[in-house]
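Here the structure comes first, spelled out in structure tokens, and everything after it is commentary.
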Amino acid sequence: MDISLVIEQLRQFCPALQGRVGGAADFETGVETVIQITDPKTGKLAYPSAVVIPLEDEPGSNELLDGNIQTVIETIGVIVEFDASADRRGQAAVSQVEAMKYEIFRALLNWNIDPDRGARGLYYAGGELLTFDRARLFWMYRMSFDATISDADGFVPGGDPLVNITETIQPDTPVNLAPPMTAEQAAPADPAVYGTSVWGDGSEYE
């Protein structure tokens, strides 16, 4: 899944984030250092803000015996950073999680990011709390897409193109054909035709 397309979609159609959406492939280095989106007017961190990261690819089994067709579930994570400074328990930040979920749905749910790969758009795959402190709370929303891969995506060996097919048909059981017959055949000589007759005792007469 193209993460840059998801980022752009959220920037355009998720007004709650006000365009504060970025990408972060190095999420393992620490979620607290990933999101550094600041307000250009005040120079302070702006809330809420989000990053989009790739998560797992879950391939299905091959559906063909003589080829390849697979469905791959591609999942991304939209990590939203909420302001939790209002109270130490983070209750105010938690109360924003549900509303933000539906704001993200309006931008991503059912959106077909790649029509050539699948007929179904993005769908919700769950959410989870990542971490929080006295100032911030990080929540991740998971979105998935069912992509189809086939032989056309794989390696195609080179070679000369097939331009002609020659085939010889040989029956399993030989067939004995009768000899051809000519249109004209010599008739056996008939003595009666030529004026010579034969008596019963074998003697001839004219």
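Here are some notes:
- Residues in the stretch 110-163 that are exposed (fewer than 10 other Cβ atoms within 10 Å of the Cβ) and among the hydrophobic types (A, V, I, L, M, F, W, C): 119, 152, 155, 156, 162, 163.
- Which listed residue, of 98, 81, 74, is outside any helix (DSSP H, G or I) and either at pLDDT 95 or above or surrounded by fewer than 16 Cβ atoms within 10 Å (Cβ to Cβ) (or both): 74
- The condition of being of a type in the set (D, E, K, R), free of Cβ contacts under 8 Å to residues at least 40 places away in the same chain and under 16 Å from residue 6 (Cα atoms) holds for only one of 142, 120, 106, that being 120.
- Filter result for residue 130 (in a strand (DSSP E or B), farther than 30 Å from residue 59 by Cβ and aliphatic (A, V, I, L, M)): no
- Flag for residue 103 being surrounded by fewer than 14 Cβ atoms within 10 Å (Cβ to Cβ), more than 25 Å from the chain's Cα centre (by Cα) and not aromatic (Phe, Trp, Tyr): no
- Residue count, the stretch 1-24 (criterion: in contact (Cβ under 8 Å) with a residue 12 or more places away in the chain, of a type outside the set (A, V, I, L, M) and more than 23 Å from residue 57 (Cα to Cα)): 6
The values are calculated or read from the model by the stated rules, or taken from the named source; none is laboratory data. Everything numeric in this text was worked out from a predicted model, so none of it was measured. With ideal geometry, Cβ positions are generated from the backbone for all residues, glycine too; neighbour counts draw on all protein chains shown.
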